[in-house]
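The values are calculated or read from the model by the stated rules, or taken from the named source; none is laboratory data. All figures in this text were calculated on a predicted structure; none of them were measured in a lab. Don't worry about glycine lacking a Cβ; one is built from the backbone with ideal geometry, like all the others, and counts go over all protein chains shown.
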Amino acid sequence: MERARWGSNLGFILAATGSAVGLGAIWKFPYVTAHQGSGAFLLLFAVLTLTIGLALLRVEMSIGRAGNAGAFGAYRRLGGTAWGLVGLLGVLASATILSYYSVVGGWTVAYIWKTLTAELTRDPDTLQAGFAALAQHPWEPLFYHALFMLATVGGVIGGVRGGIEAIAKVLMPCLFILMCILIVRGLMVPGALAGVTAFLIPDFAGLTMQSVLDALGLSFFTLSLALGIMPTYGSYLPQSTNIGRAALTVALLTLLSCVLGGLLVLPPAYALGIDQGAGPGLTFVTMPMVFSYMPWGNFFGAIFFALLFIAALTSSISMLEVVVAFLMEHAGLSRRAACVTAGVSLFFLGVLASLSMGAMPALQWGDRNAFEWLDYTATNIMLPVGGLFTALFAGWIIWRKLQDEWHGEQTRSLITIWRRVLIGVLSPIAIGIILWNGLRG
Ligand code: PFF
């Protein structure tokens, strides 16, 4: 069967950016940045995203196109079965993350509804209790998790052009428009402009070696690297696409979204004196508090969670596509059968993650519950291991083939040499340190 193709370069760029811009950009990036010297961390994040991050993004897209297959097939075709395992690890990482990402996606759906209808409150304890009541409820989060997974399956079942690309073309512009509306509204809160300054002005004294590792890890996370996504999406590209330019556009749009995410969350929280470094679970506490101060707070709050939902959906679609492409190529399933098989099994894995948040305390091993184990295994182990081997693979095993993909790039130009050092030497070292650090965490 002939391989599916994107309808246009723009469609591909929007789909890849949709994968990248997810909960990472809007929820993780702002609080990590607020914690770590603000503008200085942002600068570091931007530099790492546009060097190591961009280089690996380009590599991953090229591996997919050169191998003309999903993650496992492409790595195997280019480097043999052993390297295929690196691609397979990406597929496993996507599957693992999708299972619990969908639970969080479900919370965003629940909060669209709750924010629209509930009476707003500023009391952090009430908000915290409201969030805990949802996350720990035995069946309510499962209902929303099911809805979110259904939407993800609905996006992938329509195929590359008719499903993923069509959805990205509608949702990504919506995402940017909603972000702009909320940023403008947030900046109207008295004192918010001072929050912008606090976000952007660099404080280099706040940076440590750990910040460099955190910035690189965050950059990998937001760019959706080592998940098999970019090889899979790249495999649907025609030869005529300039991958370097496409990757640069995706990286810049992702960076822009992170800055917009920061401008959205941090200034109003700063103005209202709410702790911005409040931590991951607290998007569902901090932001409702911010909206409680605004006229039309229910409306703007619901828009915020709709935005989070869209961001999460275009990312989860990309993760499901990796698994579906794998099942289609290696288990001989039709797209429809692959979507149902993957969607249902990952839904059930997510059910365990969700129940482990409180409804079933038995789902706890050592100091982590099922949700935290899935997250730890995927983000601290699978992603860095996959990234490390991808960098070594690209820099040392298939370097020549990649240059052909890059429209016959000159082997001896300074840029090419720098690129090879970046990909084959600096990236593996940096990722190796991240892996070592993550294993201790
Ligand atoms: N890049 C997306 C995000 O930032 O939310 C998708 C994603 C990547 C999710 C990596 C989780 C992950 F570990």
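Within the range 37-51, work out how many residues are under 17 Å from the mean Cα position of the chain (by Cα) and crowded, with 23+ Cβ neighbours inside 10 Å. Steps first, please.
In the first step, residues of the range 37-51 are kept if they are under 17 Å from the mean Cα position of the chain (by Cα); the result is 45-46, 48-50.
Subsequent filtering for residues that are crowded, with 23+ Cβ neighbours inside 10 Å retains 45, 49.
The number of residues fulfilling the criteria is 2.
If I go through the range 353-366 residue by residue, how many of them are in a helix (DSSP H, G or I) and away from the ligand (no atom under 16 Å from the Cβ)? Walk me through it before giving the result.
Going residue by residue through the range 353-366, those that are in a helix (DSSP H, G or I) are 353-355.
Narrowing the set further to residues that are away from the ligand (no atom under 16 Å from the Cβ) leaves 354-355.
Final tally of qualifying residues: 2.
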Failed item, numbered, when Phe29 is tested on (1) away from the ligand (no atom under 16 Å from the Cβ); (2) crowded, with 22+ Cβ neighbours inside 10 Å; (3) hydrophobic (A, V, I, L, M, F, W, C): (1)
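Does Thr314 fit the bill of being touching a residue at least 12 places away in the same chain (Cβ under 8 Å), polar (S, T, N, Q) and within 16 Å of the ligand (Cβ to nearest atom)? Reasoning before the result, please.
Values: touching a residue at least 12 places away in the same chain (Cβ under 8 Å): yes; polar (S, T, N, Q): yes; within 16 Å of the ligand (Cβ to nearest atom): yes.
Here the answer is yes, as Thr314 does meet what is asked.
Being at pLDDT 95 or above, of a type in the set (A, V, I, L, M) and within 14 Å of the ligand (Cβ to nearest atom) is true for just one of Ala55, Ala82, Ala74, Ala15. Which residue is that?
Only one candidate passes the filter, namely Ala15.
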Which numbered condition Ala338 misses (of (1) among the hydrophobic types (A, V, I, L, M, F, W, C); (2) more than 18 Å from Pro231 (Cβ to Cβ); (3) in contact with a helix residue (DSSP H, G or I) (Cβ under 6 Å, 6 or more places away or on another chain)): (2)
Pairs, first within 14 Å of Leu313 (Cβ to Cβ) in the range 19-30, second outside any helix (DSSP H, G or I) and near the ligand (Cβ under 8 Å from one of its atoms), C-beta under 8 Å, six or more apart: Ser19/Ser224; Ala20/Leu223; Ala20/Ser224; Gly22/Ser224
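Take the residues in the range 201-241 that are among the hydroxyl-bearing types (Ser, Thr, Tyr) and within 14 Å of the ligand (Cβ to nearest atom); name whichever of them is surrounded by the most Cβ atoms within 10 Å (Cβ to Cβ).
Kept after step one, since they are among the hydroxyl-bearing types (Ser, Thr, Tyr), are these residues of the range 201-241: 208, 211, 219, 222, 224, 232-233, 235-236, 240-241.
Checking which are within 14 Å of the ligand (Cβ to nearest atom) leaves us with 219, 222, 224, 232-233.
Numbers: Ser219: 29, Thr222: 28, Ser224: 30, Thr232: 34, Tyr233: 31.
Among residues in the range 201-241 that are among the hydroxyl-bearing types (Ser, Thr, Tyr) and within 14 Å of the ligand (Cβ to nearest atom), the one surrounded by the most Cβ atoms within 10 Å (Cβ to Cβ) is Thr232.
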Residue in the range 324-335 that is in a helix (DSSP H, G or I), within 16 Å of the ligand (Cβ to nearest atom) and of a type in the set (Asp, Glu) present: no
Residues (among the β-branched types (Val, Ile, Thr), part of a helix (DSSP H, G or I) and exposed (fewer than 15 other Cβ atoms within 10 Å of the Cβ)) located in the range 114-125: Thr117
Which listed residue is in contact with a Phe, Trp or Tyr (Cβ under 7 Å, 6 or more places away or on another chain), surrounded by fewer than 17 Cβ atoms within 10 Å (Cβ to Cβ) and not hydroxyl-bearing (Ser, Thr, Tyr), from Arg400, Arg368, Arg420, Arg336: Arg368
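Which residue out of Leu388, Leu383, Leu349 is crowded, with 24+ Cβ neighbours inside 10 Å, farther than 30 Å from Ala118 by Cα and under 22 Å from the mean Cα position of the chain (by Cα)? Walk me through it before giving the result.
Values: Leu388 fails: crowded, with 24+ Cβ neighbours inside 10 Å; Leu349 fails: crowded, with 24+ Cβ neighbours inside 10 Å.
Of Leu388, Leu383, Leu349, the one residue that is crowded, with 24+ Cβ neighbours inside 10 Å, farther than 30 Å from Ala118 by Cα and under 22 Å from the mean Cα position of the chain (by Cα) is Leu383.
Scan the range 126-142 and give yes if some residue there is within 30 Å of Ala4 (Cα to Cα), crowded, with 17+ Cβ neighbours inside 10 Å and of a type outside the set (Asp, Glu), otherwise no. Write out each step before concluding.
Step one: filter the range 126-142 for residues within 30 Å of Ala4 (Cα to Cα), giving none.
No: the range 126-142 contains no residue that is within 30 Å of Ala4 (Cα to Cα), crowded, with 17+ Cβ neighbours inside 10 Å and of a type outside the set (Asp, Glu).
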Counted residues, the range 367-385 - those being within 11 Å of the ligand (Cβ to nearest atom) and over 20 Å from Leu23 (Cα atoms): 0
Any chance Tyr111 is part of a helix (DSSP H, G or I) and closer than 24 Å to Thr379 by Cα: no
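Take the residues in the range 403-417 that are touching a residue at least 24 places away in the same chain (Cβ under 8 Å) and surrounded by 15 or more Cβ atoms within 10 Å (Cβ to Cβ), then tell me which one is farthest from Ala66 (Cα to Cα).
Trp406
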